[in-house]
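Here the structure is laid out as structure tokens; the discussion comes afterwards.
The values are calculated or read from the model by the stated rules, or taken from the named source; none is laboratory data. Remember, predicted model here, so these are calculated numbers, not experimental data. Cβ coordinates were reconstructed from backbone atoms using ideal geometry, including for glycine residues, and neighbour counts include every protein chain displayed. In case anyone asks, the SASA skips ligands and DNA or RNA and just uses the protein heavy atoms, side chains included. Shrake-Rupley method; radii C 1.70, N 1.55, O 1.52, S 1.80 Å.
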Amino acid sequence: MTNGYNRGMNVTKKQRVIDFIPCMASAAVSAVCLLIYFFAFGHGFDLNVIKGIMVPVAAAVVPVVNLIFRIRIPFAFNIAVAAFAVCGLDFASLLNFYHYVPYYDKFLHTAFGIAGAFGVMIVLLYGKGETMRPWCFFLVVMLCVLGLAACWEIFEYIVHAATGADMQHWTPDMSAVGDLTVKEFFEDYNPLWDTIWDVIVAMFGVLIYYFIIFMDKVFGYKICRGIYRQVNTGRKSASEEEEPTHRDGPPAE
């Protein structure tokens, strides 16, 4: 029995180490991007460097939460968080993908909608959300993601107010003004365009999540069953008195 207990402890420790692999990988990518930013692009220490440093910190959130609360957030979501941090901070800011890749910002906010929806789904399942009515479950997912998207826009505004960084693209491109009159310029210029469309494409990301769940239902809930089983394992690890439940994923009619 002691050997079985020790094997269980070793498996747990091994899993905890595996949880930090995406974080370590993102740290390596950030280091490379920072070297390119400093030596290839010739920039000094600025706000973008801080963003690059924050990448492994953001990627460490999921494994740290798993460690502290002794739960099992699905490893695929762990990878998604680390990948999003790299794309949203390293590639976007340090390598300036915003400038070189058309609509890169909107791609990121759409991806946030998809990943955020799965994240909310995981949180709801930890709160026994599988007992909710399907329409209520998926409505809560949508509203939570839109709320998170709005919180991000508030954060961008605070950074703009504190540092002057034009994260919401309020400052017009004066090089494109040419010989336009003031009236002609303001006919096409809308400082809220970036903010509103960031929220809209995040909502579109949730719609993509709905489609993924629908297709998963068609093919037998393979994705949802995998997520549910990992979440349920985490719930049992956090509390041995957790009552068993019979559903294998989010509510479905």
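Structure summary
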read-out	value
Number of the condition not met by His43 [criteria: (1) touching a Phe, Trp or Tyr at 6+ places or on another chain (Cβ under 6 Å); (2) under 25 Å from Ile200 (Cα atoms)]	(2)
Any hit, the range 87-94, residues being modelled with pLDDT of 95 or more and under 29 Å from Asn232 (Cα atoms)	no
Candidate set: the range 137-155, residues that are small (Gly, Ala, Ser) and open to solvent by 10 Å² or more (accessible area, probe 1.4 Å); chosen: the one nearest to Met167 (Cα to Cα)	Ala150
Selection count where residues are open to solvent by 40 Å² or more (accessible area, probe 1.4 Å) and touching a Phe, Trp or Tyr at 6+ places or on another chain (Cβ under 6 Å), scope the range 86-136	4
Elements of type helices (runs of 4 or more DSSP H) in the range 73-127, at least 1 residues being over 14 Å from the mean Cα position of the chain (by Cα)	97-100, 104-126
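To keep it simple, each residue is scored yes or no on (1) touching a strand residue (DSSP E or B) at 6+ places or on another chain (Cβ under 7 Å); (2) under 30 Å from Gly164 (Cβ atoms); (3) part of a helix (DSSP H, G or I); (4) modelled with pLDDT of 95 or more.
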position: Asn3; (1), (2), (3), (4): no, no, yes, no
position: Arg7; (1), (2), (3), (4): no, no, yes, no
position: Thr12; (1), (2), (3), (4): no, no, yes, no
position: Gln15; (1), (2), (3), (4): no, no, yes, no
position: Met24; (1), (2), (3), (4): no, no, yes, yes
position: Val29; (1), (2), (3), (4): no, yes, yes, yes
position: Leu35; (1), (2), (3), (4): no, yes, yes, yes
position: Met54; (1), (2), (3), (4): no, yes, yes, yes
